[in-house]
Amino acid sequence: MAIEKIQAIRGMSDMLPEDAPLWHFFEKEASSLAKLYGYQHIRTPIVEQTRLFKRCIGEVTDIVEKEMYSFVDSLNGDELSLRPENTASVVRACIEHNLLYEGPKRLWYMGPMFRHERPQRGRYRQFHQFGMEAMGFKGPDTDAEQLLMLNRLWKRLGIAPVRLELNCLGQLEDRKAYREVLIQYFEAHKDILDEDASRRLYSNPLRILDTKNPDMQDLVNNAPKLYDSLGEESKQFLADLEAILKAEGIDYVVNPRLVRGLDYYNLTVFEWVTDKLGAQGTICGGGRYDPLIGMLGGRDAPACGFAMGIERVLELMKECGVKPESRECDVYVVWDKALYLNALSAAERLRDADIATIIHSGSMKFGNQMKRADASGALYALVIGADEAAAGKVGLKALRENLEGYGEQKTLTIDEAVSLLGQHV
């Protein structure tokens, strides 16, 4: 009887070695960018109390009602959830550990999130996010700095075109006034509203502006604009932000339909969008959420941040032809029969110098070993043959055309080889 194979859960994918170079390239660029702008690394648990997300995201949102992986801990009865996003967790950590006591904090994170959605390209049930949160900073200069940071990241990753869409949600009072205007407008056109829009009409009318239903596009395009309900302070905040972006040459468009359905968002909201990924065109979103820290029990403090789906960014990198350098090692050691201990000793000397090294395993034919050395992507082959061993030396051969002495083999002491490789790998 055949043994049933166990497969990964639908929408939760393996990262295979062939994809590792792209992941590592992204992780390196993202983390180095965070350091460049003075952001500190924070990690939070994957599992949190369910009430954290209910309070932060809202009990009547799709995420909480339909998408969260929630369960009751059988050992103590706690209601727990796998995190669907990380802003709530970072804010919880800031409050719990009193991180803002000594002043504002710039924080970044990277890790897996979980949502029970219908899997498709760029949308998975386990996905990964890179994000930044700036807490305790009030002015539009912080919002602008995050946008400048992201613009720099897209250039580093080699992806284009990516366009910035921007809007201002104003303050809670502004949105309350706009909410009433919007409800009146949509009430006058109830016959056009689809099921989702009808459900959201009184609970979350701003989200109707997000609709992708083609039959409702004319209706939402002609809806009253939020900007007309903004107070003067909110309008000035947007104007100051735009002035910084223009001064730094950042292209953007103001999209009046760009909204967030949660009350803790205020003022700035933005998305970076591409046309290369079909329906999943938003690769990064963020904005300002000044009320959230107070809503979760902390002392009121302004904050803004963003998050991006890493898998979606990697898809875009592939579409743009980004192919980071990939090699299994820097040096591949080939050796003659009975000389394994010589080869092992040489390899360990290289590793002592932080030079990534593989010793050949398998066929002893030098021709086959050199083919495998070349296929590994190694820059150099270190040769331990009978002649080299008898002389107490090693052979060093450059395997790549861009390296000095390509195709030639030098005979060196292991100390000379280590010194030379230390300059070139």
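The values are calculated or read from the model by the stated rules, or taken from the named source; none is laboratory data. Since the model is a prediction, treat every value here as computed from it, not as a measurement. For neighbour counting, all protein chains shown are included, and Cβ atoms are generated from backbone atoms with ideal geometry for every residue, glycine included. These area figures cover heavy atoms from the full protein model, side chains too; ligands, DNA and RNA do not enter into them. Shrake-Rupley method; radii C 1.70, N 1.55, O 1.52, S 1.80 Å.
Numbers at a glance
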{"item": "In the range 149-194, trypsin sites (Lys or Arg not before Pro) in a DSSP loop with at most 13 other beta-carbon atoms within 10 Å", "result": "Lys190"}
{"item": "Helix-only mean residue ellipticity at 222 nm for the chain, each DSSP H run of n ≥ 4 adding -39500 (n - 2.57), per residue, nearest 500", "result": "-10500 deg cm²/dmol"}
{"item": "Area of Lys276 that stays accessible when all protein chains are in place (1.4 Å probe, Å², to 10)", "result": "80 Å²"}
{"item": "Portion, in percent, of the accessible area of the chain that falls on carbon or sulfur, probe 1.4 Å", "result": "48 percent"}
{"item": "Cα pair distances of the range 44-142 binned at 10 Å [whole percent]", "result": "14, 41, 32, 12, 1"}
{"item": "Theoretical FRET efficiency, 1/(1+(r/R0)^6), r = Cβ-Cβ of Glu27 and Asp78, R0 35 Å, to 0.05", "result": "0.60"}
{"item": "Derived scalar couplings ³J(HN,Hα) [the range 326-336; Karplus, 6.51 cos²θ - 1.76 cosθ + 1.60; whole Hz; x for Gly, Pro]", "result": "10, 8, 6, 7, 8, 10, 10, 8, 10, 8, 7"}
{"item": "Heavy-atom accessible area per residue - the chain, 1.4 Å, Å²", "result": "52 Å²"}
{"item": "Nearest-0.05 FRET efficiency for Asn98 and Asp300, computed from C-beta distance (R0 25 Å)", "result": "0.95"}
{"item": "Three-way shape label, the range 205-279, alpha-carbon gyration tensor, a/c 1.5", "result": "oblate"}
{"item": "Dipole axis of the range 88-156 (+1 Lys, Arg; -1 Asp, Glu on Cβ), positive-most option in Gln120, Gly131, Met110", "result": "Gln120"}
{"item": "Neighbourhood net charge (13 Å Cβ-Cβ; Lys/Arg +1, Asp/Glu -1) for Leu379", "result": "-3"}
{"item": "Accessible area, probe 1.4 Å, largest first, for residues Tyr406, Tyr265, Tyr101", "result": "Tyr101, Tyr406, Tyr265"}
{"item": "Met15, Met1, Met317, ranked by accessible area, largest first (probe 1.4 Å)", "result": "Met1, Met15, Met317"}
{"item": "Nearest-10 value in Å² for the accessible area of Phe366, using the 1.4 Å probe", "result": "70 Å²"}
{"item": "For Lys410, net neighbour charge (Lys/Arg +1, Asp/Glu -1) across residues whose Cβ lies under 14 Å away", "result": "-4"}
{"item": "Rg ratio (alpha-carbon, reference 2.2 N^0.38 Å) - the chain", "result": "1.26"}
{"item": "Cβ-based net charge around Tyr265, under 11 Å, with every Lys or Arg adding one and every Asp or Glu removing one", "result": "+1"}
{"item": "The chain: relative contact order as a whole-number percent, Cα under 8 Å and 6+ apart", "result": "14 percent"}
{"item": "Calculated from backbone phi, Karplus (6.51, -1.76, 1.60) coupling profile of the range 304-314 in Hz, x at Gly/Pro", "result": "8, x, 8, 8, 10, x, 5, 4, 5, 5, 5"}
{"item": "In order through the range 23-35: 3J(HN,Hα) via Karplus (6.51 cos²θ - 1.76 cosθ + 1.60), integer Hz, x for Gly, Pro", "result": "4, 5, 4, 4, 4, 5, 5, 5, 5, 5, 5, 4, 5"}
{"item": "Lys, Arg +1 and Asp, Glu -1 on Cβ, resulting dipole of the chain about Cα centre, debye, nearest 20", "result": "580 debye"}
{"item": "Loop-located GluC sites (Glu not before Pro) in the range 1-79 whose Cβ has at most 11 other Cβ within 10 Å (DSSP)", "result": "Glu4, Glu59"}
{"item": "Residue order for Val333, Val425 - accessible surface, 1.4 angstrom probe, largest first", "result": "Val425, Val333"}
{"item": "Heavy atoms of Val418: accessible area, 1.4 Å probe, square angstrom to 10", "result": "30 Å²"}
{"item": "In the range 229-336, the GluC sites (Glu not before Pro) that fall in loop regions by DSSP, at most 15 other Cβ within 10 Å", "result": "Glu248, Glu325, Glu328"}
{"item": "Most positive-pole-ward Cα, Val334, Gly231, Leu267, against dipole of the range 211-346 from beta carbon charges", "result": "Val334"}
{"item": "Two-decimal Rg to Rh for the range 277-425 - Kirkwood Rh, Cα set", "result": "1.30"}
{"item": "Of Pro302, Pro161, Pro17, the one that fluctuates the most in a GNM where the chain has Cα springs shorter than 10 Å", "result": "Pro17"}
{"item": "Net length gained if the chain between Gln49 and Lys225 were fully extended (0.36 nm per residue, minus Cα distance)", "result": "59.6 nm"}
